[in-house]
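For reference, the structure is listed below as structure tokens.
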Amino acid sequence: MTPLDVLAIEDNPGDVRLIREALEEDDRVRVRVAWDGAEALDMLEHEARPDLILLDINLPSVGGLELLARMREDPKLADIPVVVFTSSRLVEDVRDAEGSGAAMFVVKPFDVLEYLSTLRRIRRRFVEEIPA
Amino acid sequence: MRYLRAQAILVPVAGLVVGLLLETMIDGTGIGLVRLGVPWMFLMLVRRPSAMLIGVLTAINYGGHLLASHDVAFSSSAALGDLTAVLVSYGAQLAWRSWPGGIDTPMGYMRAAGSLTLGSTVGAVGWWMTMSHGIQLPVDVVTADVLGVLALAPLVTSWQRGWPRNHPFKMQGMLAAGAYLLIAWANMFPPIPRAGRHMLQAAALLTISWMVLRAGRRFTSIAWLGSIVFIWVGMEHGITLLGHESLTLEEAMLTTRVTLMGLGFMVFGAVFGMLGYQQMVRRSAVSEERSRAMAAAAPDAMVVVGLDGRVRFANDRFVELFGDVAGSPLGQCLPGIIEATHAAEPSTCIVVDARREDGSEFPVEVTSARYNDVDGSPLLTLSVRDVTERREQQHELERFASDLSRTNKDLAQFAYAASHDLQEPLRTVASYVTLLQHRYAAQLDATAGEYIGLATDGAERLQALVADLLEYSSASTQELGVRPICLRAPAEEAIGFLEGQIRKSNATVELGDLPTLNGDGVALRRIFQSLLSNSIKFVPEGRAPCIRIWSEPSPEGTVVMVSDNGLGIPEEHRDQVLEPFRRLHARHRYAGTGLGLAMVRRLVERHGGRIWIEDSSEGGTTVCFTLRGALRRIA
């Protein structure tokens, strides 16, 4: 059984650690990390296609939304499920995230325990969906 | 000058010619007009002393007497006597140097009459003594001379001053001269029967009186009338007596006394008239001086222009700005201004471009007023202000305002960006401290737990602050999308957002009449949410918050009110509390970052409205705000 290949595009090392912890609890999941949008595009271009992308849209340089739009344009990448995370609670930003066309969007909770359980929920949802 | 010299000779010549004509028609009638000689010569001398003029006029006088009386001795002595009279008069005129010169001032007028009275009396006395005529003739002569100077002086003055044809004083002068001539002629050698003579004299008297009354000097006219009546009576008496060869001293004295009384009246009347006139002239001079002084002191350039568009008067400031423009057309420094002032409302400012001597242009503000000249012609007076500096200052101010607005926007954007970027690291700190507490609880003692607890609190507070700062700065930087919104919608939305808090505190929120106004939906929701949140939070322990939201009309637009039954805000703090980071209560009692009301104020002001705080009827706070239709451009 192939592992669930998750690409996390996240610039906060603290969050990366939590993502790895929550997702790799299940042995079937493997997490790769891109620290910014440019690196992400590079990895998508040259490395294996991931099964799931976790995207923090508040990325510096190439914005998360812009990255998403670019992915949509590329037919190879267009159908990869994306979970969008936003740390800003501003209604404007939330609306942007909502309308991005992602499979799911999450406002990163302040409470770390809640964040971890959300990540686990995401893991369980997508692990179940992997074709055996 | 030349003009006046010609007149100086022409007038007595004309008198002579007419007199001679009359003489040829009716014997003895012409001499009256020759009597014009003395006052005329005197007036001309006062105007401009000239030996040639004396010579010519004396010759005319002698010739006239000769032709009229055919008596050489009589004519020579008459001419000599007249010359003496004139010279003595002129001498008196010069001697009284303390009195103003010329005859075109009231005091000068008086001086002339006085001088001539003296001179004429001297001449007449001399004549009387040499010629052994009755005293009546010299007295008549003196009277005639003085009357002559009083009547002719206004005419000469009007010539000197160059008054226009229809100037009232000129008219009066001519009428007076005519009336005088009539009296003089009728009195001196009357060929007409007594009744006719009286009528002529009466007519002449009435004319003079009317002239003086018209000039408004009532007292003078009454005095003149009175004096002339006396003179007339005196002369009548004298002429009747002339018929008899001998004249007793008493009769002579009576005649003299009556005549002198008449003369006295005349002088008296003239003095009063002159004093009144003098006062009028002085007032007018003061008024003119005042205008001149005001024009000189005025900070603005002032100019008076006639119908023809030429400059009649320009004050110093005008000359400074445009150079010496007297007499030049105004259009060369203020093109088109006269048409513009005609077109504009009176007392409005017109801004036009003025042109300097060197051709360079600059903006000016012009106000105008009209008035009429002495002769009735319309004049336009303009006040011109150089507004170059003001325009520059205006531009400066606009630049400054736009710079300020840009700076504000930059600051707000910076705060926004900073808060944005602060959130993530802050979350990380809070997260791992919590995990530490959670996962290492067993290894940590009570103190460590306490430390971690305090660290967590600090982190949480910081997170709240950053979140609020983000909201606050977003209130300044986010674009507002204005459309008509029924305020009920954002209010209900805000209530929805605060559902949890409302439930927990058992709060009740009542929505009253709310208008439909132009505004941004999100901004309005934020406003209501912040105000409601405050009302829920700032209540005394144990009290359930009761909040009312409604609106009232007012002269400045609809006022929206959010009223509660909470702690209230004391009057001295009401302005402060709208500032950022201002809190009234200790942190441990009531949490909060002090940014809520500041954000609300920002949003209200960006809508062009106003926010203020009042007491509520339940002892709490009422926050009132207005929203205008248009949004201000300044962020």
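The values are calculated or read from the model by the stated rules, or taken from the named source; none is laboratory data. Predicted model only: the values in this text are computed from it and were never measured. No Cβ is skipped: glycine too gets one built from the backbone with ideal geometry, and neighbour counts run over all protein chains shown. Accessible surface areas use protein heavy atoms only, side chains included; no ligands, DNA or RNA. Shrake-Rupley method; radii C 1.70, N 1.55, O 1.52, S 1.80 Å.
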Revision key, fill the gap. The equivalent-ellipsoid semi-axes of the range A:1-61, taken as the square roots of five times the Cα gyration tensor eigenvalues and listed largest first in whole Å, are 19, 15, 7
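Rg(Cα) of the range B:354-449 divided by 2.2 N^0.38 Å? Could you put the intermediate results ahead of the total?
Numbers: Rg = 35.7 Å, N = 96, 2.2 N^0.38 = 12.5 Å.
Dividing the Cα radius of gyration by 2.2 N^0.38 Å gives 2.87.
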Point to revise | Peptides B:592-600, B:82-90, B:551-559 ordered by average Cβ neighbours within 10 Å, highest first | key: B:82-90, B:592-600, B:551-559
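Rg to Rh for the range A:7-132: what is it, with Cα atoms only and Rh by Kirkwood?
That ratio is 0.93, to two decimals.
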Review point. Shape of the range B:521-566 from its Cα gyration tensor (a ≥ b ≥ c, root eigenvalues): rounded if a/c is under 1.5, otherwise prolate when a/b > b/c, or oblate?
Key: oblate
Check your understanding: Rounded, prolate or oblate: which fits the range B:542-635, taking a ≥ b ≥ c as square roots of the Cα gyration tensor eigenvalues, rounded meaning a/c under 1.5, else prolate when a/b beats b/c?
Key -> oblate
Point to revise | Cα convex hull volume per residue for the range B:541-584 (Å³) | key: 113
Check your understanding: Quick one: length gained pulling B:R583 to B:S284 fully straight, 0.36 nm per residue minus the C-alpha distance?
Key -> 100.5 nm
Check your understanding: Is the shape of the range B:466-583 rounded, prolate or oblate, going by the alpha carbon gyration tensor and its root eigenvalues a ≥ b ≥ c, with a/c under 1.5 for rounded and a/b larger than b/c for prolate?
Key -> rounded
Check your understanding: Based on the Cα gyration tensor of the range B:402-537, what are the three equivalent ellipsoid semi-axes, each the root of five times an eigenvalue, rounded to whole Å and given largest first?
Key -> 36, 24, 10
Practice item. May I have the pair-distance distribution P(r) for the range B:416-486, computed from all Cα-Cα distances with 10 Å bins from 0 and rounded to whole percent? Key: 19, 34, 22, 15, 7, 3, 0
Check your understanding: With the other protein chains left in place, how much accessible area per residue, in square angstrom, belongs to the range B:528-575 at a 1.4 angstrom probe?
Key -> 47
Practice item. Using a 1.4 Å probe on the heavy atoms of the protein chains only, list every residue of the range B:423-445 that has 10 Å² or more less accessible area in the complete assembly than in its chain alone. Key: B:Q423, B:E424, B:R427, B:T428, B:S431, B:Y432, B:T434, B:L435, B:H438, B:R439
Check your understanding: Along its principal axes, what span do the Cα atoms of the range B:341-410 show, with the longest given first and each in whole Å?
Key -> 68, 30, 17
**Study point:** Area buried, chain B against chain A - accessible surface, total, 1.4 angstrom probe, square angstrom
**Key:** 1800
